[in-house]
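Below is one structure, written out as structure tokens, with a few remarks after it.
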């Protein structure tokens, strides 16, 4: 099979896969003796229901089923090998037949095509097995697994060997409910391709198990794609579990991020009370026709319950409809836990939590040594709650079995969605420890780190393995001569690593993260004076020369000379970050609790620190050392400093929000309320003013996400205090002004602005139904319909939310609705709303730039 023929046909029309082999086998009503055949006539176990065994015992029946689908115009038929792995066949004690089942299944499909005089292709079907590598089978032991990664690799490799040697044109991992299982299959696939020196096209199809929009192991559609795209599949899609209509929103999610063909082979609707599928061919075909007309499909077929008649109806319905146009190759860096983390051009600094590290946190080390894993998990969870967007995990300690601890802890992390939702950075100086971590993470992890320290051959070997595991890599500026400690050496090593990785290993540049080495400054040694400045200049060089890569660093290293003096250290971290981020630093391992707000650093201290970081004066180190003791003495005073309490009430509230201080917020808000005409004025005045300052500092890189999270918590506490007073202002018995459904759109977890708008609207006699954060389009719209809402409010803080808002109004249009929509949030704008969102919708859409405008806008919309 020529892949060029496949790509040519993909451009011309939507291609069709066959339907459900299992459904057709069931319709034959085969007996136990039929399944046994002559080969297993005296076998000591029941074999009825082992459909794949029919490849050996009833090959003509399987061939005729293939032909029945080919007669209906299929472009692909799938081998009858969904359960032909040794793991699945173990239930029948037939694991040694795995290769034969796959090989023979491929041969039967090829013969069917030949006898039918068809030009169809054969897809080697590889199911998910009946095990899961990410989920414990025992609720009392969350780290227990009933299958290991290496066992899955061996089993998948048998399937791949049999199918490829049997002559299939494509392979497909399908019905993936646990991405870690799929990653084991991909590892086996890439290993086989490397061994034979050629790649057979691979299709990947996951399964969304319910209306949560997630796989059984908890990943979103976007995170799933991010985790498997290192396989370079020729298509990505969904099958099974749900019908076409239920899979539509998840297919839309995949379309937004995938730059390869999209496939869909859903069930014939949802099963009825008897477990049967009764969606008619015509009904299913009409749904798929609409999806095809919406430019969502390249490949389509059927899963459970779909017959040759279903496939015939689908083929006829999509005839003449153009396939989905493929987008330009996506070069954004992306990582994933249960949820994706995508770096865009306007992404702000990514904070990597550093406390789950036995070498950097005495508390965490103690907990791991004591086997107190529940509290160790709380350390990781707290970092995420404080704004860490990744978690660095390190178990390198002389008295620990690092490999065992990494494996055990990451298995526990997988059971904690509040932690595992973010990508994991596996941190170790030992490759075997890193590898043990890669084998238990279903998301796209980051390896910290690899380098040329042990030579180019070892570097290439480890990099190839990282690629097979689907990980991004942090590459240290370190070679056979040692760590780069000058700008010149940093440039040379990073250039050499980049060339090796992209040319010899074929590593995607967007999966490479350079660490140009953060060293301590102000050590007293003159040769160390330019370390920080060299790092900053190296960031600028890497950003210019290798624009698709990312840059990271261990931020706290820069202040090591001042350990014990937290005031100076926090100032150094913030100053260093501010300048490095401006030159291209993407992410960093940092303690969220050791960051000062750049704008609020003591001006004298800021000057002294910047002199050191930027090496602006010969005596910079001496000056900072001389004054450090003064600032250290001020540390105690600072924690009890009440000077800001002498400010005016509005300034006090602003200060509390920017600094994340909640100690006095209730009494200050009460004072502001007493001095105002209404509690709404407090929200729209000093509270919003304070959050606007936070937003500006965040956007300018002078505050970081952990600090913004603290500010948001103070804001939330302030608003919560005002709610009873706001309720009192409502006039009892007044008819509601309208019902509004509000939500932060899918992919966005920020809700402070939405919450404030909701409170203000409620105070003006609007009934608000708040759906929370990360809300998919279909839930927003379904709720609006069920509640007979008068208006929908969409909120978002991050740039991807803009596309999601477009998706919401497109779905409203598809459902022929014209309910008014309000758009708000930090990244939204009047221009974007008018140019990008409004054209997609016939109903009224208005952008609201702050909470104070929500009421008049709502009133205006509902009076029209």
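The values are calculated or read from the model by the stated rules, or taken from the named source; none is laboratory data. What you see is a predicted model; the values in this text were computed from it and never measured. Here the Cβ positions follow ideal geometry from the backbone for every residue, glycine too, while neighbour counts run over all protein chains shown.
For segment 49-66, give me each residue that is within 41 Å of the chain's Cα centre (by Cα) and either surrounded by fewer than 24 Cβ atoms within 10 Å (Cβ to Cβ) or not assigned by the TED database to the domain that holds residue 16 (or both). Of everything in segment 49-66, those that are within 41 Å of the chain's Cα centre (by Cα) and either surrounded by fewer than 24 Cβ atoms within 10 Å (Cβ to Cβ) or not assigned by the TED database to the domain that holds residue 16 (or both) turn out to be 49, 50, 51. Is it the case that segment 156-166 has a residue that's in contact with a strand residue (DSSP E or B) (Cβ under 9 Å, 6 or more places away or on another chain), in the same structural domain as residue 46 (by the TED database), part of a helix (DSSP H, G or I) and surrounded by fewer than 22 Cβ atoms within 10 Å (Cβ to Cβ)? Yes, there is a match, as at least one residue in segment 156-166 is in contact with a strand residue (DSSP E or B) (Cβ under 9 Å, 6 or more places away or on another chain), in the same structural domain as residue 46 (by the TED database), part of a helix (DSSP H, G or I) and surrounded by fewer than 22 Cβ atoms within 10 Å (Cβ to Cβ). Please determine, by comparing only the residues of segment 672-684 that are touching a helix residue (DSSP H, G or I) at 6+ places or on another chain (Cβ under 7 Å) and at pLDDT 85 or above, which one is surrounded by the fewest Cβ atoms within 10 Å (Cβ to Cβ). Checking each candidate, the answer is 675.
Picking from 47, 56, which residue would you name as being modelled with pLDDT of 95 or more, outside any loop (DSSP other than H, G, I, E, B) and under 16 Å from residue 97 (Cα atoms)?
On the way: 47 fails: outside any loop (DSSP other than H, G, I, E, B).
Selected residue: 56, the only one of 47, 56 that is modelled with pLDDT of 95 or more, outside any loop (DSSP other than H, G, I, E, B) and under 16 Å from residue 97 (Cα atoms).
Residues in segment 466-513 that are farther than 27 Å from residue 557 by Cβ and either touching a helix residue (DSSP H, G or I) at 6+ places or on another chain (Cβ under 9 Å) or assigned to a loop (DSSP other than H, G, I, E, B) (or both): 467, 468, 469, 470, 502, 504, 505, 506, 508. With the condition kept exactly as written, say whether any residue in segment 76-88 is closer than 22 Å to residue 316 by Cα and out of contact with any strand residue (DSSP E or B) (no Cβ under 7 Å at 6 or more places or on another chain). No: segment 76-88 contains no residue that is closer than 22 Å to residue 316 by Cα and out of contact with any strand residue (DSSP E or B) (no Cβ under 7 Å at 6 or more places or on another chain).
The helices (runs of 4 or more DSSP H) found entirely in segment 334-420 include none that carry 3 or more residues being surrounded by fewer than 21 Cβ atoms within 10 Å (Cβ to Cβ) and outside the structural domain of residue 515 (by the TED database).
Out of all the residues in segment 395-407, is one or more under 17 Å from the mean Cα position of the chain (by Cα) and at pLDDT 95 or above? No, segment 395-407 contains no residue that is under 17 Å from the mean Cα position of the chain (by Cα) and at pLDDT 95 or above.
Taken over segment 354-387, residues that are closer than 14 Å to residue 554 by Cα, at pLDDT below 95 and touching a strand residue (DSSP E or B) at 6+ places or on another chain (Cβ under 8 Å) amount to 3.
Can you pull out every residue in segment 284-297 that is surrounded by fewer than 22 Cβ atoms within 10 Å (Cβ to Cβ) and either closer than 17 Å to residue 233 by Cβ or out of contact with any helix residue (DSSP H, G or I) (no Cβ under 6 Å at 6 or more places or on another chain) (or both)? Listed by number, the residues that qualify are 286, 290, 293, 294, 295.
Could you check segment 177-209 and list, in sequence order, the residues that are more than 20 Å from the chain's Cα centre (by Cα) and in a helix (DSSP H, G or I)? It would help to see each step written out before you state the result.
Initial filter on segment 177-209 (more than 20 Å from the chain's Cα centre (by Cα)): 185, 187-203.
185, 187, 188, 189, 190, 191, 192, 193, 194, 195, 196, listed by residue number.
Take the conditions (1) touching a residue at least 24 places away in the same chain (Cβ under 8 Å); (2) surrounded by fewer than 22 Cβ atoms within 10 Å (Cβ to Cβ); (3) in contact with a helix residue (DSSP H, G or I) (Cβ under 8 Å, 6 or more places away or on another chain); (4) over 30 Å from residue 503 (Cα atoms); residue 431 misses just one of them, which is (4).
Residues in segment 75-105 that are more than 22 Å from residue 130 (Cβ to Cβ) and touching a helix residue (DSSP H, G or I) at 6+ places or on another chain (Cβ under 8 Å) were compared, and the one that is surrounded by the fewest Cβ atoms within 10 Å (Cβ to Cβ) is 75. Which one of these is in the same structural domain as residue 175 (by the TED database), part of a loop (DSSP other than H, G, I, E, B) and either at pLDDT below 95 or crowded, with 24+ Cβ neighbours inside 10 Å (or both): 72, 42? Criteria check complete, one pass: 42. With respect to being outside any loop (DSSP other than H, G, I, E, B), at pLDDT 95 or above and under 25 Å from residue 199 (Cα atoms), residue 102 fits the description. Taking the criterion of being in contact with a strand residue (DSSP E or B) (Cβ under 7 Å, 6 or more places away or on another chain) and either part of a loop (DSSP other than H, G, I, E, B) or touching a residue at least 40 places away in the same chain (Cβ under 8 Å) (or both), the residues of segment 439-465 that qualify are 441, 443, 444, 445, 446, 448, 449, 451, 452, 453, 459, 463. Contact annotation: residue pairs with Cβ atoms under 9 Å, 6 or more positions apart or on different chains, pairing a residue in segment 556-579 that is on the phi > 0 side of the Ramachandran plot with a partner that is surrounded by fewer than 20 Cβ atoms within 10 Å (Cβ to Cβ), are 564/632.
Pick from 281, 323: which is surrounded by fewer than 23 Cβ atoms within 10 Å (Cβ to Cβ), at pLDDT 95 or above and in contact with a strand residue (DSSP E or B) (Cβ under 9 Å, 6 or more places away or on another chain)? Write out each step before concluding.
Details: 281 fails: in contact with a strand residue (DSSP E or B) (Cβ under 9 Å, 6 or more places away or on another chain).
Residue meeting the stated conditions: 323.
Under the condition of being more than 18 Å from residue 263 (Cα to Cα) and either touching a helix residue (DSSP H, G or I) at 6+ places or on another chain (Cβ under 6 Å) or in a strand (DSSP E or B) (or both), the residues counted in segment 308-333 number 4.
Picking from 650, 662, 615, 654, which residue would you name as being modelled with pLDDT of 85 or more, within 26 Å of residue 693 (Cα to Cα) and in a loop (DSSP other than H, G, I, E, B)? Walk me through it before giving the result.
Details: 650 fails: in a loop (DSSP other than H, G, I, E, B); 615 fails: within 26 Å of residue 693 (Cα to Cα); 654 fails: in a loop (DSSP other than H, G, I, E, B).
One residue alone meets the criteria, 662.
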